[in-house]
Structures are given as structure tokens and as C-alpha cells.
Amino acid sequence: MEKYIIAVLICCCAIWSSCNDKDQLPDIRPVVVGEYTDERDGNTYGWVRIGDLEWMTSNLKYCPKAPYYECEYYLFGLTWPLTVRSYYLDIDFEADYEEYGNFYTWEEACEVAPEGWRLPTDEDWKKLEMALGMSAKAADSEGWRGSQEAILLCQGEDGTGLAFQLSGEVADMDPWSTSLVLCFVGEYGYFWSASEVQDNGLQQPTVWYRKICTHYTTVYRGSTTMERLMRVRCCRDAGN
């Protein structure tokens, strides 16, 4: 009988712990919130201050030339008259742009931030992750790091307000046509950093990026070559 009672108590504790995972998240709120209007195209972005940085609460929409689905792209040493297609046949590219913002090559991403804002460096990303509770050691590592920082990144007005989205990437060229393929919308979010990887041991440069996923509560830090398109989330120093 005693063993039975202990087993029931253990089960109850496990259920209670599972049900309260969300309650165990740190309650991190922005110190200051505001709005910024990009004078170049009239798009308005919310922003929140977390730690000593201010982050936009939606992805950048500014188009240096045209929306991503109407552009040509320089890949593999050539300029390709590429269009963008999707593995998901029902994606409306105009609606995707309106909801998730524009896609950029890394070179474009380094240049498109509005005045006073910037493409976050790898260190900017680390500062945000550590402000959300990640240890410095974990922030410096590669792969999936932390514990529940991805949940905090995705919180809206009831939490951090950062509202990072699972907005996919454009990475693979369709081998059967001159098309780039939009992948993982609603499943993964990919975001450029401004920082190149130093001494990567490769013949071509690589840059740091961040990835979040609907199946993980952690944040991925990795490096990639520049033959892909990602979204941009801008930041700036607090008080600018």
C-alpha cells in the first residue's frame, strides 16, 4: 500500500510539473516599447527594449529593388533570372511578404536596415539570448543552445513582445528549373547576423545565423555560406 501511494504521488508530481512548464518561464517584459516608421517606404514597426538593445517586433519589409518573389539573385558566381516557388503549392507570396517581411541575401541584409538601426551582429544576438536567461557559455556554443529562450523570443504582448516568427527560408534551387524554393514557413525561422565566422578553415566565407523551430524551445546558432535568403530582424542600442 505504501509503495502504491508513493507511485501515485510521483505520477501526480510529474503531471503537475508538465502542466506548469509554462508557469516556470521567467516573466521577462520589455523595459520600454515604441514604434518606428521607416521613411523610405512608410512601413511602421513596433519595437521593445530588452536589456541594453531595442529590437523590432516584426521582420523588415524594405525592398531595395522589389519584393523577393520578383527579384533576380546572384548565386554560384552568376546572376540568375530566378523566381521563387514553394514546396507548399498554396502559399501566396504577396501575403507571405506582408506577414513575414522580405527575404535578403547576406550582402543585402548588411545594407537594408533603416537609419539608426542595424542588422544584429552575433554579439547582439548573444546579448538578447543572455537577457532571456541563456548562460554566457551556452551563448558562445554552436547548435541548439539554452533551455526555453525560443519560447521567450516568440512571445507577444503578454510576454517579451519580441514576437519572432517561424518565417522559413529560401535556400535550395529547384534542379528542374531556374527557381529558388521557399521552405519551412510555419515550422522554422531563419535570421541573418552581420558577423562573418573568423578562421572557419574553409575556402569561402561563412556567417553566423540564428534558427528557431516549432519543435524546440532552444535557439540554434550556426554558420552558413551566403547562397541562401533569410529574413532580417533589426536592432539598435537602447535610447537611440
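The values are calculated or read from the model by the stated rules, or taken from the named source; none is laboratory data. Computed from a prediction, not measured in an experiment: that's the story for all the values here. FYI the Cβ positions are ideal-geometry reconstructions off the backbone, even for glycines, and counts take in every protein chain you see.
Restricting segment 214-240 to residues that are aliphatic (A, V, I, L, M) and touching a helix residue (DSSP H, G or I) at 6+ places or on another chain (Cβ under 8 Å), the residue that is nearest to Trp55 (Cα to Cα) is Val232. So is Glu129 surrounded by fewer than 16 Cβ atoms within 10 Å (Cβ to Cβ) and either under 25 Å from Trp47 (Cα atoms) or of a type in the set (Lys, Arg) (or both) or not? No: the conditions fail for Glu129. Restricting attention to segment 77-89, and to residues there that are within 25 Å of Cys154 (Cα to Cα) and assigned to a loop (DSSP other than H, G, I, E, B), which single residue is modelled with the lowest pLDDT? Once the filter is applied, the top-ranked residue is Tyr88. For segment 90-113, a residue qualifies if it is under 15 Å from Tyr45 (Cβ atoms) and in contact with a strand residue (DSSP E or B) (Cβ under 7 Å, 6 or more places away or on another chain), and the qualifying residues are Tyr100, Gly101, Val112. For segment 189-222, a residue qualifies if it is charged (D, E, K, R), touching a Phe, Trp or Tyr at 6+ places or on another chain (Cβ under 9 Å) and over 13 Å from Glu142 (Cβ atoms), and exactly one does: Glu196.
Restricting segment 176-195 to residues that are under 17 Å from the mean Cα position of the chain (by Cα) and surrounded by fewer than 21 Cβ atoms within 10 Å (Cβ to Cβ), the residue that is nearest to Glu72 (Cα to Cα) is Cys183. Determine if segment 159-172 includes at least one residue that is without any contact (Cβ under 8 Å) to a residue 12 or more places away in the chain and not small (Gly, Ala, Ser). Yes, because at least one residue in segment 159-172 is without any contact (Cβ under 8 Å) to a residue 12 or more places away in the chain and not small (Gly, Ala, Ser). Comparison of Ala139, Ala131, Ala95, Ala171 shows that the only residue that is modelled with pLDDT of 90 or more and within 24 Å of Thr225 (Cβ to Cβ) is Ala139.
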